Amino acid sequence: MTFDPQAVRAFEHAGWQEAASHYTQTFARATAGFIGALLDAARIGAGMHVLDLACGPGLVAARAAARGAVPLGLDFSSAMTALAHARHPGIRFEEGDAEALPFAEGSFDAVVANFGIHHVPDPVQALCEARRVLRPGGSAAFTSWAAPAENPAWKLLFDAITEHGDMSAAKAPPPGGSLRQPEDLLRVLEAAGFTQTQARRVRREWRLATAGDLLEGFRRGTVRTAALIGAQPQSALPAIAAAIARTAAPYRCGNGFAVPTIAILGSGTRL
């Protein structure tokens with residue numbers, strides 16, 4: 001399939017507009033555990049002006065504010081920024097494009113993005129913009145999901161679909177970048193002009209009340225993976241759900257499940 005940046009942007013935008021109302025109760029339970037490491041990588045502290053790219057409902061911005069920083073959240077989804085405004089009225093949120101930031105050069109001490117850069121059509125362009133709006137010496141940090149083969153939460157879902165459904169059913173446009181290994185993040189950071197680049201794996205757990213919550217988390221709180229689930233025949237969904245429940249058994253923890261999730265955390269500095 002030919003890569004079309006506008007198709008990617010339209011697909012992602014429509015998906016996040018739809019997922020916004022469910023995100024905090026579903027997939028945010030998987031992403032929120034990485035916020036502390038993300039803020040540490042960007043050295044977020046009191047008094048710093050921080051741009052939270054692809055801010056969603058404002059979870060990262062709120063944690064930055066709790067450290068005494070002055071965050072500003074930006075997202076291309078009006079549904080997400082509306083949620084962020086409602087949940088965090090003391091923080092500024094704007095609707096905008098990560099590839100064309102509406103801020104002057106050197107406006108921020110740090111730029112962070114929790115699982116947002118891999119959703120844009122051109123991750124290098126987004127990082128170039130992040131570098132532009134950083135002051136000299138400022139830091140950028142972002143997270144991306146590790147490859148499904150080494151990410152148990154995705155492997156549970158994809159193995160079930162492979163066995164009982166069709167992994168090729170979704171007709172989503174190809175993503176703008178495959179950022180699944182540390183070297184992938186280093187490549188785009190360096191292409192955008194960052195120095196002192198670092199990238200490493202970070203492991204957390206997605207806490208779920210039931211195994212079915214994993215399927216619902218992906219279905220209601222994501223875009224690309226939700227499109228794959230939505231493209232499955234209705235007749236296949238019970239078998240997919242049953243397979244996830246069976247293979248998730250090793251992750252049972254108390255009254256629920258603790259499914260490992262692995263992210264790649266990358267960072268760099270603007271000289």
Starting from residues that are of a type in the set (Gly, Ala, Ser) and under 18 Å from Ala146 (Cα atoms), keep the ones in segment 177-220 and report whichever is surrounded by the most Cβ atoms within 10 Å (Cβ to Cβ). Gly217
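Helices (runs of 4 or more DSSP H) wholly in segment 1-114 with at least 1 residues that are more than 23 Å from Ser144 (Cβ to Cβ) - which ones? Show your work before the answer.
Values: elements: 5-23, 28-31, 35-41, 59-66, 78-87.
Correct list: 5-23, 59-66, 78-87.
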Can you run down the residue pairs with Cβ atoms below 6 Å, 6 or more apart or on separate chains, where the first is in segment 1-26 and touching a residue at least 40 places away in the same chain (Cβ under 8 Å) and the partner is assigned to a helix (DSSP H, G or I) and not hydrophobic (A, V, I, L, M, F, W, C)? Glu12/His119; Ala19/Gly221; His22/Arg220; His22/Gly221; Tyr23/Gly221; Thr26/Gly217; Thr26/Arg220; Thr26/Gly221
Could you tell me whether Asp52 is of a type in the set (Asp, Glu) and closer than 17 Å to Ile117 by Cα? yes
Inspect segment 183-197 for any residue being under 30 Å from Cys253 (Cα atoms) and touching a residue at least 60 places away in the same chain (Cβ under 8 Å) and give the result as yes or no. no
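Regarding Leu215, is this residue part of a helix (DSSP H, G or I) and of a type in the set (A, V, I, L, M)? Explain how you work it out, then say what you get.
Working: part of a helix (DSSP H, G or I): yes; of a type in the set (A, V, I, L, M): yes.
Judged against the criteria, Leu215 is a match.
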Would you confirm whether any residue within segment 212-227 is touching a residue at least 12 places away in the same chain (Cβ under 8 Å) and among the aromatic types (Phe, Trp, Tyr)? yes
Within segment 229-238, which residues are in contact with an Asp or Glu (Cβ under 9 Å, 6 or more places away or on another chain) and either buried (at least 16 other Cβ atoms within 10 Å of the Cβ) or acidic (Asp, Glu) (or both)? Ala231, Gln232, Ala236
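Here, each number is a calculation from the coordinates, and none is a lab measurement. Owing to the predicted nature of the structure, the values given are computational and were not obtained by experimental measurement. Quick reminder, even Gly has a Cβ in these numbers, built from the backbone with ideal geometry, and neighbours come from all protein chains shown.
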